[in-house]
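So the structure is just underneath, and the comments pick up after that.
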Amino acid sequence: MIEKEDEPSDDEVRRFDKKRKNKKVSNAEWVSTTDPSARITKLKDGRTHLAYKAEHVVDIDTELILAAEVYHGDHSDTKTLCDSVMEAQTHLSEAGLEAQIEEAVADKGYHAAEQLELVTSVGVRTYVPEPKRRGESRLSAKPVEQQRAVKGNRRRTKTAKNKRLQRLRSERVERSFAHVCDTGGSRRTWLRGIDKVRKRLLTSALVRNLGLVMRKLFGIGTPRGLQGEGGSAGLMQLAWLLIAAMKNLWDTHARLGARPTESRLQLLTVGGPQEYALRSTGC
């Protein structure tokens, strides 16, 4: 119960809006005439927009985007956690790495007993805070495997390690969205259809990863960094550095002929906050 003089929190406003009758917008009633794949989505500031929902899977150590996916704007985050983890693991395997994902960190929007059980079943520990829900918990009515996964996740989220991981999630995953959507210009798209929007996001994620690798190897790799190097002169310098690096990598690979050693990964998975939704045209 909220008193008249009290200011409701964002979570309280969202819970109230879910049950509000006679809403003015609904995906069941409205379809974009220019992009039928776009969905009406409520942004964090309260506005509604025709949009898609972007999701990144980011490695906690390197900040590399291991997987990037685009969903319809009304797609629920509670259905994507396991798919995101498996997609990231598949990409690591396809890259010839023997690294195994051991931990997954996400915000409370991803909490679902079914997904926690699926992720746990593949040997990945979860750190997903539980959202506040009204009424009594229905956990006792769920299968034993789901109960065990939820309780294990609940126990881990009460540790100091979870606080540290959640801080890193907020910092590094949100940074990836800021770089891709803001600096990378992917916040708004003029493409139509979810497949084309997905290709656009994957390209932006690829460019960001390349920038991280370049900064690691050469100390440069951002668009603003190139501006500081003097335009074309900076590009020429960068090209020579890339050629030299590729030659060194090729020589090292030919000399060693060995596969990368096995390593462990901590995975941060999060769906983009709604202010980072990829907006569609025709709205």
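The values are calculated or read from the model by the stated rules, or taken from the named source; none is laboratory data. Since the model is a prediction, treat every value here as computed from it, not as a measurement. Quick reminder, even Gly has a Cβ in these numbers, built from the backbone with ideal geometry, and neighbours come from all protein chains shown.
Restricting to segment 25-39, what's the tally of residues that are without any contact (Cβ under 8 Å) to a residue 60 or more places away in the chain and surrounded by 17 or more Cβ atoms within 10 Å (Cβ to Cβ)?
Number of matching residues: 1.
Let me spell it out: the conditions are (1) touching a residue at least 40 places away in the same chain (Cβ under 8 Å); (2) surrounded by fewer than 16 Cβ atoms within 10 Å (Cβ to Cβ); (3) over 23 Å from residue 171 (Cα atoms), and residue 102 meets all of them except one. Which number is the exception?
Of the numbered conditions (1) touching a residue at least 40 places away in the same chain (Cβ under 8 Å); (2) surrounded by fewer than 16 Cβ atoms within 10 Å (Cβ to Cβ); (3) over 23 Å from residue 171 (Cα atoms), the odd one out for residue 102 is (3).
Of all residues in segment 43-93 being of a type in the set (Asp, Glu) and within 22 Å of residue 207 (Cβ to Cβ), which is surrounded by the fewest Cβ atoms within 10 Å (Cβ to Cβ)?
61
Working only within segment 174-191, note down all residues that are crowded, with 20+ Cβ neighbours inside 10 Å, closer than 15 Å to residue 206 by Cα and of a type in the set (Val, Ile, Thr).
Residue satisfying the conditions is 180 alone.
Which ones in segment 28-58 are in a loop (DSSP other than H, G, I, E, B), among the hydroxyl-bearing types (Ser, Thr, Tyr) and under 29 Å from residue 209 (Cα atoms)?
37
On the basis of being touching a Phe, Trp or Tyr at 6+ places or on another chain (Cβ under 6 Å) and among the acidic types (Asp, Glu), does residue 83 make the cut? Spell out how you get there, then give the answer.
On the way: touching a Phe, Trp or Tyr at 6+ places or on another chain (Cβ under 6 Å): no; among the acidic types (Asp, Glu): yes.
No, not satisfied.
Can you tell me which of 247, 158, 199 is of a type in the set (D, E, K, R), surrounded by fewer than 14 Cβ atoms within 10 Å (Cβ to Cβ), at pLDDT 80 or above and over 30 Å from residue 34 (Cβ atoms)?
158
With respect to residue 54, determine if the residue is within 10 Å of the chain's Cα centre (by Cα) and modelled with pLDDT under 90.
So residue 54 fits the description; yes.
For segment 117-134, name all the residues that are over 23 Å from residue 170 (Cα atoms) and crowded, with 18+ Cβ neighbours inside 10 Å.
The answer is 117, 118.
Conditions first: (1) closer than 20 Å to residue 80 by Cβ; (2) assigned to a helix (DSSP H, G or I); (3) within 23 Å of the chain's Cα centre (by Cα). Residue 145 passes all but one, so which condition is the exception?
It fails just one condition, (3).
Within the set of pairs 6 or more residues apart or between chains, which connect a residue that is closer than 16 Å to residue 27 by Cβ inside segment 70-89 to a residue that is at pLDDT below 90 and not charged (D, E, K, R) with Cβ atoms less than 6 Å apart?
73/41; 73/51; 73/52; 74/27
Out of 78, 90, which single residue is modelled with pLDDT under 90, β-branched (Val, Ile, Thr) and within 28 Å of residue 198 (Cβ to Cβ)?
After ruling out the rest, the residue left standing is 78.
Please specify each residue of segment 168-190 satisfying the condition of being assigned to a loop (DSSP other than H, G, I, E, B) and either free of Cβ contacts under 8 Å to residues at least 60 places away in the same chain or small (Gly, Ala, Ser) (or both).
Within segment 168-190, 184, 185, 186 meet the criteria.
If the requirement is being under 30 Å from residue 114 (Cα atoms) and modelled with pLDDT of 85 or more, which of these qualifies: 172, 192, 134? Reasoning before the result, please.
Numbers: 192 fails: under 30 Å from residue 114 (Cα atoms); 134 fails: modelled with pLDDT of 85 or more.
Just a single option satisfies the conditions, and that option is 172.
If the requirement is being out of contact with any strand residue (DSSP E or B) (no Cβ under 9 Å at 6 or more places or on another chain), part of a helix (DSSP H, G or I) and of a type in the set (A, V, I, L, M), which of these qualifies: 165, 210, 206, 202?
210
Going by the structure shown, is residue 113 without any contact (Cβ under 8 Å) to a residue 12 or more places away in the chain, of a type in the set (A, V, I, L, M) and on the phi < 0 side of the Ramachandran plot?
Answer is no for this residue.
Could you list, in sequence order, the residues of segment 139-190 that are touching a helix residue (DSSP H, G or I) at 6+ places or on another chain (Cβ under 9 Å), β-branched (Val, Ile, Thr) and under 17 Å from residue 58 (Cα atoms)?
180
Determine, yes or no, whether residue 123 is at pLDDT 90 or above, on the phi < 0 side of the Ramachandran plot, of a type outside the set (D, E, K, R) and out of contact with any strand residue (DSSP E or B) (no Cβ under 7 Å at 6 or more places or on another chain).
No, not satisfied.
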